[in-house]
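Shown next, in structure tokens, is the structure this report addresses.
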Amino acid sequence: MSSPIVISLDSLAPVDFEAMKAAATSGGCASTSCGSSDAPEDMDAALWARIKDHPCYSEEAHHYFARMHVAVAPACNIQCNYCNRKYDCANESRPGVVSEKLTPDQALRKVITVANEAPQLSVLGIAGPGDACYDWKKAKSTFEKVAAVIPDVKLCISTNGLSLPDRVDELVAMNVDHVTITINMVDPEIGAKIYPWIFYQHERWTGVEAARILHERQMLGLEMLTERGILTKVNSVMIPGVNDEHLMEVNAWVKARGAFLHNIMPLISDPAHGTHFGLTGQRGPTAAELKSLQDRLEGGAKMMRHCRQCRADAVGLLGEDRGQEFMLDKLPEDVVYDPSRRAAYREIVAEERGDHVAAKRQADEAVKEVAAASRPVLVAVATKGGGRVNEHFGHAREFQVYEASAKGVAFVGHRRVDSYCMDGFGEDATLDSVIAALAGVEFVLCAKVGDCPKDMLSAAGIEADDAYAYDYIESAIGALYAERFGEQIARAVA
Amino acid sequence: MAYKIIASQCTACGACEFECPTAAIKMKRDTYIIDPKICTECEGHFDKPQCNTVCPVPKTCVKA
């Protein structure tokens with residue numbers, strides 16, 4: 001049995017190109033004629049065109065497209081209590097962590113290598129460590145170099161917002177279409193508990209004053225971006241007891257200023273990380289607390305629920321990281337960009353997508369009908385991309401969680417786990433942790449699952465099923481839900 | 001009169017390099033160093049030495 005590490009983008013392309021194509025064109029509906037690569041019903045077509053290939057801005061796109069981050073701008077102008085600048089570990093997966101920093105030229109070499117080998121690549125982001133708008137020269141130079149070679153890669157930047165107003169016009173000029181601002185508060189009193197200091201206009205500011213300056217600059221930056229039509233995502237770190245309730249207010253403020261998407265991220269806190277919050281015992285929220293806040297925020301600025309809080313040097317589809325394959329010492333000295341594989345991949349996705357959207361719609365209708373007389377259910381799915389149930393239970397490093405309810409089938413989050421199966425052996429202790437991570441989930445859908453883990457899951461009240469292997473995720477959930485809960489209704493009526 | 005960087009604690013983020021008004025800070029091997037012959041402790045430029053003010057690691061950019 002192969003090691004779980006090799007499962008990734010490779011399995012979609014190019015080996016599976018033909019399989020994908022066959023799947024996309026099979027069935028009664030000639031996929032392209034469905035014409036349903038159209039925008040979702042609640043979005044205008046121009047906006048959809050801007051986000052449909054961006055895995056972070058579109059939940060749907062994250063099944064198909066990959067991003068990469070390059071750590072070229074390590075200097076930062078603020079200190080956050082959840083960040084420790086000295087910490088670095090190759091096995092950690094969380095924001096701000098990288099294994100190596102790159103110069104703009106090294107970054108270009110890396111981007112070309114990835115674009116040649118991973119055709120899913122659609123987005124290049126600069127997301128720390130450090131602040132790209134503050135460490136601007138290096139960020140700008142990287143974008144310019146890459147755009148000259150791969151003009152269709154989307155450029156994306158993350159910032160704390162302090163230097164953002166100074167860079168907005170240059171961002172527009174460079175065609176940076178997506179900006180993420182981390183906004184954890186709109187009340188400086190709360191901000192003072194999150195930011196010990198900022199560096200602004202050649203001085204170090206502390207306390208409420210520092211937080212007030214940061215807040216004003218963040219709002220100004222957001223307003224300027226909105227005026228210029230740049231899509232802005234707001235990231236907020238949810239810190240229980242500090243800003244969790246306050247994020248309702250943050251959501252309202254950023255919505256009023258035109259934020260496109262709001263991403264609530266759970267605080268990651270561990271004494272071993274050496275952060276202020278880690279060392280002082282500040283805990284992060286549970287998956288249930290996070291979902292509850294996200295649910296309460298529905299109706300405000302649109303929620304992003306598929307964030308994986310990736311490393312600042314992540315490469316690949318969200319939820320996987322091929323960064324270690326593209327370390328500097330593994331990059332060829334001379335690289336030449338070959339656009340053909342990315343172009344071929346895009347063609348296939350365009351076909352597959354129309355079919356997927358139609359399948360989704362069908363599943364939605366079926367679930368709505370059944371749910372009217374039943375209850376909502378959480379279903380976890382093992383997938384390695386393409387929007388299908390196509391990962392073995394034991395190989396999954398995360399499960400995507402969907403809710404089947406009166407609203408249809410909706411993605412609600414992911415649960416990260418350690419792969420249960422290592423080289424053919426299953427660890428009971430690992431399985432226990434997987435079961436714990438799946439709290440609240442009633443069904444697990446996967447491409448394959450062994451009898452032993454299946455029985456243990458079943459004892460924990462979770463039903464694992466591989467009957468829907470390789471179906472679209474939504475179709476699989478729709479069929480499962482109709483089968484289980486539709487029957488109940490039928491029985492109850494009879 | 002100059003500042004120095006404690007190499008073992010430096011994260012090499014480089015913020016000091018571009019904040020330095022006299023270009024006294026350069027990358028050497030894996031860390032940044034301050035040329036004491038050029039460093040003026042920002043006198044005549046700013047109230048406080050910029051390298052020490054922006055440095056994210058406490059007690060890492062200090063008086064030589």
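The values are calculated or read from the model by the stated rules, or taken from the named source; none is laboratory data. Fair warning: this is a prediction, and the values are worked out from it, not measured in the lab. Backbone-built Cβ (ideal geometry, glycine too); neighbour counts: all protein chains shown.
Which members of region A:121-133 meet the condition of being touching a Cys at 6+ places or on another chain (Cβ under 6 Å) and within 21 Å of A:Y200 (Cα to Cα)?
Listed by number, the residues that qualify are A:G130, A:D131.
Is it the case, given these coordinates, that A:E320 is assigned by TED's automatic domain parsing to the domain that holds A:V401 and at pLDDT below 90? Please lay out each step first, then the result.
Numbers: assigned by TED's automatic domain parsing to the domain that holds A:V401: no; at pLDDT below 90: yes.
Criteria not met by A:E320.
Considering every residue within region A:257-276, establish whether at least one is touching a helix residue (DSSP H, G or I) at 6+ places or on another chain (Cβ under 7 Å), under 30 Å from A:T383 (Cα atoms) and part of a helix (DSSP H, G or I).
Within region A:257-276, none of the residues are touching a helix residue (DSSP H, G or I) at 6+ places or on another chain (Cβ under 7 Å), under 30 Å from A:T383 (Cα atoms) and part of a helix (DSSP H, G or I).
Is it true that A:E403 is acidic (D, E), free of Cβ contacts under 8 Å to residues at least 60 places away in the same chain and under 28 Å from A:P55 (Cα atoms)?
So A:E403 fits the description; yes.
Can you report the number of residues in region A:277-295 which are among the polar types (S, T, N, Q) and exposed (fewer than 14 other Cβ atoms within 10 Å of the Cβ)?
So the answer is 3.
Failed condition for A:Y337, given (1) closer than 30 Å to A:L108 by Cβ; (2) out of contact with any helix residue (DSSP H, G or I) (no Cβ under 8 Å at 6 or more places or on another chain); (3) surrounded by fewer than 17 Cβ atoms within 10 Å (Cβ to Cβ), with all others met?
Here A:Y337 clears every test but (2).
Being hydroxyl-bearing (S, T, Y) and over 25 Å from A:V72 (Cβ atoms) narrows it down to one residue among B:Y3, B:Y32; which is it? So that I can check it myself, show each step before the final result.
Values: B:Y32 fails: over 25 Å from A:V72 (Cβ atoms).
Being hydroxyl-bearing (S, T, Y) and over 25 Å from A:V72 (Cβ atoms) holds for just one of B:Y3, B:Y32, which is B:Y3.
Which of (1) farther than 24 Å from A:V254 by Cβ; (2) more than 14 Å from every other protein chain (Cβ to nearest Cβ) is the odd one out, the single condition A:E203 does not satisfy?
The one condition A:E203 does not meet is (2).
Of (1) within 21 Å of A:L261 (Cα to Cα); (2) more than 14 Å from chain B (Cβ to nearest Cβ); (3) touching a Pro at 6+ places or on another chain (Cβ under 9 Å), A:P119 satisfies all except one. Which?
(1)
Restricting the search to region A:243-263, which residues are without any contact (Cβ under 8 Å) to a residue 40 or more places away in the chain and within 22 Å of the chain's Cα centre (by Cα)?
A:G258
Restricting region B:1-16 to residues that are within 11 Å of another protein chain (Cβ to nearest Cβ) and out of contact with any Pro (no Cβ under 8 Å at 6 or more places or on another chain), which is surrounded by the fewest Cβ atoms within 10 Å (Cβ to Cβ)?
B:S8
Across region B:44-60, what is the total count of residues that are touching a residue at least 40 places away in the same chain (Cβ under 8 Å) and more than 10 Å from chain A (Cβ to nearest Cβ)?
Looking only at that region, the number is 3.
In this structure, is A:Y337 part of a helix (DSSP H, G or I) and either among the aromatic types (F, W, Y) or within 20 Å of A:D321 (Cβ to Cβ) (or both)? Quick ask: steps written out before the conclusion?
Working: part of a helix (DSSP H, G or I): no; either among the aromatic types (F, W, Y) or within 20 Å of A:D321 (Cβ to Cβ) (or both): yes.
Criteria not met by A:Y337.
Within the set of pairs 6+ apart or on separate chains, which have a first residue in region A:217-242 that is more than 18 Å from A:C80 (Cβ to Cβ) and free of Cβ contacts under 8 Å to residues at least 40 places away in the same chain, a second that is among the β-branched types (V, I, T) and outside any loop (DSSP other than H, G, I, E, B), and C-beta atoms under 8 Å apart?
Taking only residues 6 or more apart or on different chains, the pairs are A:T226/A:T232.
Within region A:175-198, which residues are of a type outside the set (V, I, T) and touching a strand residue (DSSP E or B) at 6+ places or on another chain (Cβ under 7 Å)?
Passing the criteria: A:N175, A:D177, A:H178, A:N184, A:Y195, A:P196, A:W197.
Any residue at all in region A:293-306 that is more than 26 Å from A:G191 (Cβ to Cβ) and assigned by TED's automatic domain parsing to the domain that holds A:I150?
For region A:293-306, residues more than 26 Å from A:G191 (Cβ to Cβ) and assigned by TED's automatic domain parsing to the domain that holds A:I150: present.
Considering B:E19, B:E41, which residue is surrounded by 12 or more Cβ atoms within 10 Å (Cβ to Cβ), free of Cβ contacts under 8 Å to residues at least 60 places away in the same chain and at the interface with another protein chain (Cβ under 8 Å from one of its Cβ atoms)?
B:E19
Can you report the number of residues in region A:205-216 which are buried (at least 17 other Cβ atoms within 10 Å of the Cβ) and assigned to a strand (DSSP E or B)?
Qualifying residue count, region A:205-216: 1.
Taking the stated definitions as given, is B:K63 in contact (Cβ under 8 Å) with a residue 40 or more places away in the chain and either in contact with a strand residue (DSSP E or B) (Cβ under 8 Å, 6 or more places away or on another chain) or more than 13 Å from chain A (Cβ to nearest Cβ) (or both)?
Spelling it out, B:K63 is indeed in contact (Cβ under 8 Å) with a residue 40 or more places away in the chain and either in contact with a strand residue (DSSP E or B) (Cβ under 8 Å, 6 or more places away or on another chain) or more than 13 Å from chain A (Cβ to nearest Cβ) (or both).
Among A:L124, A:L171, A:L155, A:L164, which is surrounded by 24 or more Cβ atoms within 10 Å (Cβ to Cβ) and under 19 Å from the mean Cα position of the chain (by Cα)?
Answer to the check: A:L124.
Provide a single number: the residues in region A:167-195 that are assigned to a loop (DSSP other than H, G, I, E, B) and within 19 Å of A:L261 (Cβ to Cβ).
Looking only at that region, the number is 6.
Every residue in region A:415-430 that is modelled with pLDDT of 85 or more and buried (at least 20 other Cβ atoms within 10 Å of the Cβ), please.
A:V417
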